[in-house]
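K.L.:
Here it is, the structure in full.
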Amino acid sequence: MPKVEFHILSSAGDDVRRRHACQLVDQACQQNKPVFVRVESDADAQNLDELLWTFRDQAFIPHEVMTPQSPSHPRIMALIGLNESVPASFQSLLINLSNDIPVQIDDALQVFEVVDADPEHKRRARERYKAYRERGFTLETINH
């Protein structure tokens, strides 16, 4: 069973969530851990893709929006996508920016749920928390 960390942010907004996800992706890449970032829509995938190129001047994160041929290069460390079949090498860490529990949750070793201060996002995160707890996952909450 994977460990699920809920990263609770003090500010609201999709950009706040995306920026925090970029920091988590950067940390994972520094530890040489491939990561899959699950988003809600194609537009969210494009927004996160662009932000990963620009969120920090000194950071270069080899990443791509997922396609059937992903990863396109062996140095890719982060894949961004919806609920596709994630390549096995990217299943150890899953960052969930979506509003539901990922289908492939049992394949992940660790899951990060990024929750901003928006009341609706918090409500949905509480539902996911309960569902994870009912399934027996190890849960942790981290306030930022």
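The values are calculated or read from the model by the stated rules, or taken from the named source; none is laboratory data. Note that the structure is a prediction, hence the values are computed from the model and not measured. Methodologically, a virtual Cβ is constructed for each residue, glycine included, from the backbone with ideal geometry; neighbour enumeration extends over all protein chains shown.
K.L.:
Restricting to region 29-54, give me the number of residues that are among the aromatic types (F, W, Y) and surrounded by fewer than 16 Cβ atoms within 10 Å (Cβ to Cβ). Let's see the steps before the verdict.
P.N.:
The initial filter retains those residues of region 29-54 that are among the aromatic types (F, W, Y), namely 36, 53.
Still in the running and surrounded by fewer than 16 Cβ atoms within 10 Å (Cβ to Cβ): 53.
The total comes to 1.
K.L.:
Let me ask something else. Could you tell me which of the residues V115, V111 is surrounded by 16 or more Cβ atoms within 10 Å (Cβ to Cβ), among the aliphatic types (A, V, I, L, M), in contact (Cβ under 8 Å) with a residue 24 or more places away in the chain and out of contact with any Pro (no Cβ under 7 Å at 6 or more places or on another chain)?
P.N.:
Details: V111 fails: out of contact with any Pro (no Cβ under 7 Å at 6 or more places or on another chain).
Step by step, each of V115, V111 is checked, and only V115 is surrounded by 16 or more Cβ atoms within 10 Å (Cβ to Cβ), among the aliphatic types (A, V, I, L, M), in contact (Cβ under 8 Å) with a residue 24 or more places away in the chain and out of contact with any Pro (no Cβ under 7 Å at 6 or more places or on another chain).
K.L.:
While we're looking at this one, here's another question. Return the residues of region 1-23 that are buried (at least 19 other Cβ atoms within 10 Å of the Cβ), among the hydrophobic types (A, V, I, L, M, F, W, C) and part of a helix (DSSP H, G or I); say none if nothing qualifies.
P.N.:
A21, C22
K.L.:
Another question, then. Looking at (1) in contact with a strand residue (DSSP E or B) (Cβ under 8 Å, 6 or more places away or on another chain); (2) assigned to a helix (DSSP H, G or I); (3) not acidic (D, E), which is the one condition that is false for S70?
P.N.:
It fails just one condition, (2).
K.L.:
Let me ask something else. Consider region 91-108. How many of its residues are over 10 Å from the mean Cα position of the chain (by Cα) and at pLDDT 85 or above?
P.N.:
Here the count works out to 4.
K.L.:
Here is a further query. Failed condition for Q27, given (1) touching a residue at least 12 places away in the same chain (Cβ under 8 Å); (2) assigned to a helix (DSSP H, G or I), with all others met?
P.N.:
Tallying (1) touching a residue at least 12 places away in the same chain (Cβ under 8 Å); (2) assigned to a helix (DSSP H, G or I), Q27 fails exactly one: (1).
K.L.:
Are any residues in region 93-144 assigned to a loop (DSSP other than H, G, I, E, B), touching a Lys or Arg at 6+ places or on another chain (Cβ under 8 Å), under 23 Å from K33 (Cβ atoms) and not hydroxyl-bearing (S, T, Y), and if so, which ones? Walk me through it before giving the result.
P.N.:
Looking only at region 93-144, we keep the residues that are assigned to a loop (DSSP other than H, G, I, E, B), and these are 97-104, 108-109, 116-118, 135-137, 144.
Going one step further and asking which of them are touching a Lys or Arg at 6+ places or on another chain (Cβ under 8 Å), we end up with 97-102, 109, 116, 137.
After this cut, where a residue has to be under 23 Å from K33 (Cβ atoms) as well, the list is 97-98, 101-102, 109, 137.
Those that are assigned to a loop (DSSP other than H, G, I, E, B), touching a Lys or Arg at 6+ places or on another chain (Cβ under 8 Å), under 23 Å from K33 (Cβ atoms) and not hydroxyl-bearing (S, T, Y): L97, I101, P102, L109, F137.
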